[in-house]
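S.K.: Mind looking over this structure? Questions follow.
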Amino acid sequence: MIQHHQQTQVGLLSLASCLGRLVTGLAADTFYHFRMPTLLLLYVPALMVITSQIFGFVFSSIDVIWLLSVFVGFGYGSIYAAGPIIVSELWGIEKFSFHWGLINMSPIVCNMLFSSMFAKNYDQHTRVQKINVGDDDEGAGHVVEVAVCNFKQYCYNGTYKITFFISLIPVVLVSVMIFKELLRRYRRRQFHNSKL
C-alpha cells in the first residue's frame with residue numbers, strides 16, 4: 001500500500017515537472033513577445049513551493065498528498081525552464097555555464113539542511129513500538145522495534161513552518177529585481193523621450 005502511494009507520488013511529481021517546463025517555456029516566449037520582464041517567470045515556481053508548504057502544514061490525510069507532489073513538481077519544472085533563460089539574460093551567454101552551474105549546485109546545501117531538520121523534527125515526535133513480523137521456521141514471528149509517529153502532520157509541521165518562511169525570501173528578492181528592472185526601463189524611456 002505504501003509503495004503504491006510512493007510510486008504514485010513520484011509519477012505525479014514527474015508529470016507536473018514536465019508540465020511546469022512546458023508551460024514556463026510557452027510563457028517565456030509570450031513574455032519575450034510582449035517585452036515583459038522574464039523575471040516574472042520566477043513567481044510561478046516560488047508561489048508553487050509556498051503553496052506546497054502550506055498544504056504540507058495543513059493536510060493530514062494521505063489522500064490529498066498528491067497536491068503537494070503536483071505543486072512541488074510544477075514548481076521545480078518551472079524553475080528549471082525559467083532558470084537558463086534568466087541566467088543568460090542577467091549574465092550573458094559568455095558566463096552562462098559558470099552561473100548556471102552555481103545555481104544548479106546551490107540546492108545541495110539547502111537540501112542537506114532541510115532534510116536533517118525534517119528528520120530531527122520527525123524523530124522528536126516518534127515513539128518506539130514493538131511489531132511482530134513474519135514467521136520463523138517454528139511458526140512464531142519475531143518482534144522488531146520501530147520508531148513510529150502517530151501524530152499525523154504534527155510529526156513534521158515545525159519543518160513546514162520554517163520552509164514556508166524561507167520560501168518567502170525568493171519572492172521578496174524577485175520582487176526587488178523586477179522593480180529595479182521596471183525602474184530601469186522607465187528611466188531609459190524617459191531619457192529617450194527627453195532626447196526627442
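Nothing in this text is a laboratory measurement; each read-out follows from the coordinates by a stated rule. The structure presented is a predicted model; accordingly, all values stated were derived computationally and were not measured. Using ideal geometry, Cβ is built from the backbone for each residue, glycine included, and neighbour counts are taken over all protein chains shown.
S.K.: For the chain, set up a GNM with springs between Cα atoms under 10 Å and report which of 67, 173, 19 has the largest fluctuation.
M.R.: The residue with the greatest mean-square fluctuation here is 173.
S.K.: What is the dipole size for segment 156-196, taken about its Cα centre, with +1 at each Lys and Arg Cβ and -1 at each Asp and Glu Cβ, in debye to the nearest 20?
M.R.: Numbers: 8 positive and 1 negative charges, 80 e Å.
So the magnitude is around 380 debye.
S.K.: Give me the tail of P(r) for segment 94-182 as a percent: Cα-Cα pairs with distance above 23 Å. Don't skip to the answer; put the middle values down first.
M.R.: Details: 2172 of 3916 pairs.
In whole percent, the long-distance tail amounts to 55.
S.K.: Please report, ordered by residue number, every helix of the chain (full DSSP H runs) that is 24 Å or longer along its axis going by C-alpha atoms and whose mean Kyte-Doolittle hydropathy reaches 1.0.
M.R.: Values: long enough: 2-33 (46 Å, 0.27); 65-91 (38 Å, 1.40); 107-124 (25 Å, 0.21); 157-195 (58 Å, 0.08).
Both cut-offs are met by 65-91.
S.K.: Got the relative contact order for the chain handy, in percent, Cα pairs under 8 Å and 6 or more residues apart?
M.R.: Values: 202 pairs, mean separation 49.1, N = 196.
So the answer I get is 25 percent.
S.K.: Lysines near residue 120 by alpha-carbon distance under 26 Å, same-chain residues fewer than 8 away left out - which ones?
M.R.: Excluding near neighbours in sequence, the set is 130, 152, 161.
S.K.: Oh, and also: Would you mind computing the Rg to Rh ratio of segment 71-113 from its alpha-carbon coordinates, Kirkwood style for Rh?
M.R.: Working: Rg = 11.5 Å, Rh = 11.2 Å.
My calculation of the ratio gives 1.03.
S.K.: Taking the Cα centre of segment 77-192 as origin, work out the dipole magnitude from +1 charges on Lys and Arg Cβ and -1 charges on Asp and Glu Cβ, in debye rounded to 20.
M.R.: Working: 12 positive and 9 negative charges, 297 e Å.
Taking the Cα centre of segment 77-192 as origin, the dipole is about 1420 debye.
S.K.: If you don't mind, there's one more thing I want to ask. Counting other Cβ atoms within 10 Å of each Cβ, which chymotrypsin sites (Phe, Trp or Tyr not before Pro) in segment 9-43 have at most 15 and sit in a DSSP loop? Walk me through the numbers on the way to the answer.
M.R.: Values: sites: 31, 32, 34, 43; in loops: 34.
Filter output for segment 9-43: 34.
S.K.: Right, here's the next one. Considering only 87, 146, 44, give the residue with the highest GNM mean-square fluctuation for the chain, with springs between Cα atoms whenever their separation is below 10 Å.
M.R.: The residue that fluctuates most here is 146.
S.K.: Rounded, prolate or oblate, given the Cα gyration tensor of segment 1-73, with a/c below 1.5 counting as rounded? Mind dumping the intermediate values first?
M.R.: Values: a/c = 5.15, a/b = 2.05, b/c = 2.51.
It comes out oblate by the Cα gyration axes.
S.K.: Note down the net charge around residue 114, summing +1 for each Lys or Arg and -1 for each Asp or Glu among other residues with Cβ under 13 Å from its Cβ. Please report the intermediate quantities before stating the final value.
M.R.: Numbers: positive: 120, 161; negative: none.
That works out to +2.
S.K.: Under the rule of -39500 (n - 2.57) per DSSP H run of 4 or more residues, summed and divided by the residues of the chain, what mean residue ellipticity at 222 nm is obtained, to the nearest 500 deg cm²/dmol? Present the calculation step by step, with values, prior to reporting the outcome.
M.R.: Numbers: 6 runs with 142 residues, N = 196.
After summing the helix terms and dividing by residue count, I get -25500 deg cm²/dmol.
S.K.: Run the dipole for the chain about the Cα centre, Lys and Arg Cβ at +1, Asp and Glu Cβ at -1, nothing else charged, and hand back the magnitude in debye, nearest 20.
M.R.: Numbers: 15 positive and 11 negative charges, 361 e Å.
Charge dipole, the chain, about its Cα centre: 1740 debye, nearest 20.
S.K.: Taking the convex hull of the Cα atoms, report for the chain its projected area averaged over all directions, in nm². Write out the running numbers ahead of the final one.
M.R.: Numbers: hull surface 61.1 nm².
Its average projected convex-hull area is 15.3 nm².
S.K.: Roughly what % of Cα-Cα distances in segment 157-196 sit above 17 Å, to the whole percent? Mind dumping the intermediate values first?
M.R.: On the way: 417 of 780 pairs.
Counting pairs separated by more than 17 Å, the tail of P(r) holds 53 percent.
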